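Below: the structure, in structure tokens.
The values are calculated or read from the model by the stated rules, or taken from the named source; none is laboratory data. The shown structure was predicted, so the numbers you read here are calculated from the model rather than taken from an experiment. Cβ placement follows ideal geometry from the backbone for every residue including glycine, while neighbour counts extend to all protein chains displayed. Surface accessibility is based on the protein's heavy atoms, side chains included, excluding ligands, DNA and RNA. Shrake-Rupley method; radii C 1.70, N 1.55, O 1.52, S 1.80 Å.
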Amino acid sequence: MSTKSAPSRRAKPAAKPAAKSAAPATPAANGRPKPRSGQPELVFGDRWEYEPAPETVDPGIKPEYDLFIGGKWVAAKSGKRFDSISPADERKLSSLAVANEADVNAAYAAASAASEKIWLKMSGRERGKYLYRIARLLQDRARQLAVAESLDGGKPIKESRDFDLPMCAAHFFYHAGWADKLEYVTPGRTPSPLGVVGQVIPWNFPLLMLAWKIAPALACGNTVVLKPAESTSVTAMLFAEILQEADLPPGVVNLVTGFGATGAAVVGHPTPKKVAFTGSTEVGKIIMRQLAGSGKKLTMELGGKAANIVFDDAPIDQAVEGVINGIFFNQGHVCCAGSRLLVQESIAEEFVERLQRRIAVLRVGHPLDKNTDVGAINSKEQLEKITEIVASGVAEGAQLHQSRCRLPEKGFYFRPSIFTQVTQSHRVAREEIFGPVLSVLTFRTLEEAVEKANNTAYGLSAGVWTDKGSRILKMAASLKAGVVWANTFNKFDPASPFGGYKESGFGREGGRQGLLDYLA
Amino acid sequence: MTIAPSALRSRTRGSALRRLIDEVGPVDAVGVEERAAKYTTRSIKKGSKVWGLKTAISMVDLTTLEGKDTPGKVASLCVKAMHPHDEVGAPPTAAVCVYPALVAAAKAAVAGSSVKVASVATAFPSGQAPLKTRLAEVRQAVADGADEIDMVIQRGLFLAGELNAVQDEIAAVVEACTEAARLKVILEVSELETYDAIRAASFLAMRVLRPGDFIKTSTGKTSSNATLANNQVMIEAIRDFYLETGVPISMKPAGGIRTAKQALQFLIAVKETLGDEWLDNTRYRFGASALLNDLLRQLVKEKTGAYQAPYIFSEAAESY
């Protein structure tokens, strides 16, 4: 390689950056490059390919599951079943039962009986023991459950292994600790359990959302009827096996599978004193209409269109990494995904170049490959929805940049995508896409950033990237979002309450605040 | 270089280091460490592993830097460098790295092979000698046949804010190397303390280096050496400098990389940050000694399916 060139020409002091580039282009702010044709570029080619590295543990998924009611597997009275497939390769994973109103009645009957006869009478300390036991079993079986979660939902094994399962266990451990300390939740008042609660969860973090719902409900002394999402019910069935192994009293947790009608029956049933829903804003509104005037407590964790706001003084590579993580984590199937990048105009061009270089090395592939960064889109319907809205972005004049990686032939996959030249009026800037699609907008001043960030029906989360601490505090106070992350994104802890503003819902999950919604 | 650093400081606000950080951009410690941790979750198997191991072997600067080094010890190191383990087709290492007094011995030992002789000069490892003395040391090492010079920057000057002086010294060593030798500039990252300072120092050095010259993390003589995170900060600086100027600077993490697994993680970082062109021993090196035998052990295991006892592999150097 060429090691020789005249040293003297380059022997310039640092304080004179302009002198070092004899090239014609004008350097951008901070002495960083402006894009030019013929400019040096990095080569991300095939010099060193990673061979497939599949996780091979048997997930132990049974060919069929009934409903889990009263601690037992019960055949659905509906007599109907449906197939659960893997979005990774469209193969059938298991056959699941469809619960109808009669099945949901049976589930609530079991939950009521368990509540009155066992769970309400049990001391908090005893309840806590069950929660600890569940948490430990989740840890014991973490690897198996991670494989099942990835197969069922399409998320990369490294995420289910390193994020979903550890967080899932953490939620049970955290709430186990609260079970005998509930009198400290509301100082000066001893709270009491609600009784029976109904819960409906989404398909993006099946086990984790189940943990967010079930752990606080049980810790607070309630019994549960929960409906998992139809495309991702398999790990809930594995969780039922854990409940049996933990010897949880029959009826304390009941799991009913099925579609929208089952969910409507779960939330519309007269028994539950509280309904907790995580899912789309659209369905959330239907439930709110359905339950208006019923006197039931309600918490909603709905959609989002979070802004990730990058100022010109931000540590730029770490901001790039955070923006990438914010939108491509779990294929963008994250309600708090940072799907709108608001970047200060003075660094926008450079920032987008760096994003493009970064997505060039993102690996899209089979969820069970340990090197997969972006897995499969959860379902065919979701893939169609993403494809449609991305087409609208192109039609409305935004510029689409996609990575050029190879996609698997079978299964549902979508290339990591970035839209530039997006304005507040574009659909891709307003609607929740719930896929690996980032919309890039620019701003000039802090006030403009706040205005644009808040100019949305949603308000679940936001990110701020700057080297200046006081600006972080000002932004955090100005952004109408339930969570504001500073110089990081997508960080969760069971002790930290999570929830939204505006059409992103109400009520909080996690922390002391999360307990309040499960107590009277 | 007509303005004295002190005069410059009096007319502009803030320290020279702070101004340089403002110019090249800051680094967030939590973020860069998270990025680095992601490389450790990659799973490299079979053919990719063999390619990675062989490439890593070809990037080793096999090093001995001890007071008790002798021409005999250096000669045995050189044979190890030329023939690490021919039974499994292990390539020769990139270079041997020795003290200046042993350059002539090393040069004779590697004659006719592809293995280069690198020498730590400039009052290694502290750099605390007069510039004149350090330059003389470099010239002598080059005269004795060194193909590569590993210099240390004066961390004292850097921390005192005399950045121009640090840069002038590097430029002077570049000249002392002449066309005959490539230069590696050791930043001694553990003594610079912050990632901001490591990034700034990388730019400071690169601006006076020639294409193919190196920046290097450590001497291996302090408590903490190359880590994935400071490697990341430096290769990102190399990337930014290349995209800005077209000048490709090479990288050498040194010290603390003892296992094949670690080496592969560093290579993954290179692949995903700098791309294919840096997966080559003209652009990337490992300063190590204990690492080589672990790379060989893993390579034999890939071929035979079994781990060999440590005594199967020849000893050529003690750890650093």
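Peptide A:309-317 shows a mean partner chain C-beta count of 4 within 10 Å per residue C-beta. Averaged over the residues of B:237-247, the number of partner chain Cβ atoms lying within 10 Å of the residue Cβ comes to 6. Helix A:142-153 and the longest principal axis of the C-alpha atoms of chain A enclose an angle of approximately 80°.
Spatially, segment B:286-302 and segment A:335-353 are offset by 42 Å when compared through their Cα centroids. When B:E34, A:E353 are compared by accessible surface with a 1.4 Å probe, the order from highest to lowest is B:E34, A:E353. Helix B:131-143 and the long axis of chain B differ in direction by around 30°, with both axes built from C-alpha atoms.
Considering only B:F214, B:F241, B:F286, the mean-square fluctuation computed in a Gaussian network model of chain B, springs between alpha carbons under 10 angstrom, is largest for B:F241. When all protein chains stay in place and ligands, DNA and RNA are ignored, the 1.4 Å accessible-area order of A:I286, B:I44, largest first, is A:I286, B:I44.
Ranked by the mean number of other Cβ atoms within 10 Å of their residues, highest first, the peptides A:504-510, A:380-386 fall in the order A:504-510, A:380-386. For q = 0.04, 0.07, 0.08, 0.10 Å⁻¹, what log10 I(q)/I(0) does the protein assembly as shown give under the Debye formula with an equal point scatterer on each alpha carbon and no solvent? Here log10 of I(q) over I(0) equals -0.21, -0.62, -0.77, -1.07. Take the Cα of A:K380, go 7 Å toward its beta carbon, and the backbone nitrogen atoms of segment A:229-253 under 20 Å from that spot belong to A:229-234. Annotation: A:W212 carries an accessible surface of approximately 20 Å², with a 1.4 Å probe and no ligand, DNA or RNA atoms counted.
Once both labels are positioned 7 Å from their Cα atoms along Cα-to-Cβ, the gap between B:T40 and A:T423 label points is 4.8 nm. Fully extending the segment from B:E193 to B:D276, taken as 0.36 nm per residue of separation minus the present Cα-Cα distance, adds 26.9 nm.
Relative to the longest principal axis of the Cα atoms of chain A, the long axis of helix A:206-219 makes an angle of roughly 50 degrees.
Per-residue counts of other Cβ atoms within 10 Å, averaged by peptide: what ranking do you get for A:203-210, B:225-232, highest first?
Numbers: A:203-210: 25.2, B:225-232: 23.1.
Answer by packing, highest mean first, reads A:203-210, B:225-232.
When the surface is traced with a 1.4 Å probe over the full set of protein chains, B:W51 keeps roughly 80 Å² accessible. Other protein chain C-beta atoms within 10 Å of residue C-beta, averaged over A:137-146: 0.
With viscosity set to 0.890 mPa s and temperature to 25 °C, compute the Stokes-Einstein D of segment B:87-206, Rh being the Kirkwood radius across alpha carbon pairs; µm²/s, no decimals. D, rounded to a whole number, is 164 µm²/s.
Along the Cα-to-C-beta direction of A:Q244, a point sits 7 Å from the Cα; which residues of segment A:70-102 have their amide N less than 13 Å from that point? Correct set: A:70-75. Taking label points 7 Å from Cα along the Cα-to-Cβ direction, A:V57 and A:A477 give a separation of 4.7 nm.
Want the number for A:L120 to A:L407: 0.36 nm per residue separation, take away the alpha-carbon distance, what's left? Please report the intermediate quantities before stating the final value.
On the way: separation 287, 0.36 × 287 = 103.32 nm, distance 5.21 nm.
Gain in length upon complete extension: 98.1 nm.
Pairs over the 18 Å Cα-Cα cut-off, from the set B:K221/B:K271; A:K121/A:K181; B:K38/B:K216: B:K221/B:K271; B:K38/B:K216. Per residue, the protein assembly as shown reaches -12500 deg cm²/dmol at 222 nm when only DSSP H runs of four or more residues are counted, each adding -39500 (n - 2.57). If I compute solvent accessible area with a 1.4 Å probe over the protein chains, what percent of it on segment B:18-312 is carbon and sulfur? Carbon and sulfur together cover 55 percent of it.
At a 1.4 Å probe, what is the % contribution of carbon and sulfur to the accessible area of chain A? Numbers along the way, then the final one.
Working: 10460 of 19670 Å².
Within chain A, the accessible surface is 53 percent carbon and sulfur.
Taking every protein chain into account, the 1.4 Å probe leaves A:D83 with about 90 Å² of accessible area, to the nearest ten.
Packing, taken as the mean count of other beta carbons within 10 Å per residue, orders the peptides B:69-75, B:243-249 from highest to lowest as B:243-249, B:69-75.
Taking segment A:109-173, how much of its Cα-Cα pair set, in percent, is spaced more than 20 angstrom apart? Write down the numbers at each step before the final one.
Values: 925 of 2080 pairs.
It works out to 44 percent of all Cα pairs.
Using 1/(1 + (r/R0)^6) with R0 = 60 angstrom and r between the beta carbons of A:E396 and B:E66, what's the FRET efficiency to the nearest 0.05? Let's see the in-between values first.
Working: r = 68 Å, r/R0 = 1.13.
For A:E396 and B:E66, the calculated efficiency is 0.35.
With a 1.4 Å probe rolled over the protein heavy atoms of all chains, the accessible area of A:D152, A:D140 falls in the order A:D140, A:D152, largest first.
Length gained on full extension, A:D162 to A:S95: 21.3 nm, using 0.36 nm per residue less the C-alpha separation. Surface burial for A against B, with a 1.4 Å probe and both sides summed, reaches about 5300 Å² of accessible area. With coordinates expressed along the principal axes, the C-alpha atoms belonging to segment B:149-290 extend over 39, 33, 28 Å, beginning with the largest. Around the Cα centre of segment B:18-312, unit charges on the Cβ atoms of Lys, Arg, Asp and Glu (plus for the first two, minus for the last two) sum to a dipole of about 980 debye.
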